[in-house]
Amino acid sequence: PAIAAEDVHEPVEAEPTGPSPMQKWNEEWTQTLQARKDEENSTKAAMIEKAREDLEAFQKKREMAREKRMSKNREDEQAKLEAIEADLENDNSWQRVCKMVELSHDSAGNSEDTKRMRDILILLKNEPTRAQAVGAE
């Protein structure tokens, strides 16, 4: 049983009519991925721009608060310096002492009783003649 060369039929290759289904799918998938990537890049650029704007707004707000705080500190310092200067011009030195010492009563249970000391300081502040008589000035 020898096979004759005439009996063997070579498969006839069909002429490709276009891309195979796998090639079509790969092209469509590549296009889909490219579209997603473009959308992602545009979203990312928008987020970066928004973040830049938010950062600029934050910096402006922070700078304004800083300037306001510096201005207030300067005013407070100037007022304190003027108060110190006015105190130095005052003849009653006990008024200066009373400004430096807290004379309000502390209602804490374990604090020492300083009522007598407070009373003496207030008396000396309010009656400069008595302070001079005692020799405290």
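The values are calculated or read from the model by the stated rules, or taken from the named source; none is laboratory data. The model shown is predicted, which means the values in this text are computed figures rather than measured ones. Cβ atoms come from the backbone with ideal geometry, glycine included; neighbour counts cover every protein chain shown. When the accessible area is computed, the model is the full protein with side chains, heavy atoms only, and any ligands, DNA or RNA have been set aside. Shrake-Rupley method; radii C 1.70, N 1.55, O 1.52, S 1.80 Å.
Mind checking which residues of region 96-137 are within 29 Å of Leu81 (Cα to Cα), open to solvent by 90 Å² or more (accessible area, probe 1.4 Å), at pLDDT 70 or above and not in a helix (DSSP H, G or I)? Result: Glu102, single match. From the list Gln59, Gln34, Gln95, the lone residue that is over 30 Å from Lys115 (Cα atoms) and over 20 Å from the mean Cα position of the chain (by Cα) is Gln34. Go through (1) at pLDDT below 80; (2) in a helix (DSSP H, G or I); (3) touching a helix residue (DSSP H, G or I) at 6+ places or on another chain (Cβ under 8 Å) and name the single condition Asp91 misses. With (1) at pLDDT below 80; (2) in a helix (DSSP H, G or I); (3) touching a helix residue (DSSP H, G or I) at 6+ places or on another chain (Cβ under 8 Å) applied to Asp91, the lone miss is (2). Screening Arg62 with (1) open to solvent by 70 Å² or more (accessible area, probe 1.4 Å); (2) under 23 Å from Gln132 (Cα atoms) gives one miss only, at (2). The numbered conditions (1) in contact with an Asp or Glu (Cβ under 6 Å, 6 or more places away or on another chain); (2) over 30 Å from Ala133 (Cβ atoms) are all true for Arg96 except (2).
Residue check: is Met22 assigned to a helix (DSSP H, G or I) and exposed (fewer than 10 other Cβ atoms within 10 Å of the Cβ)? Before the answer, list the steps.
Values: assigned to a helix (DSSP H, G or I): yes; exposed (fewer than 10 other Cβ atoms within 10 Å of the Cβ): yes.
So Met22 passes the test.
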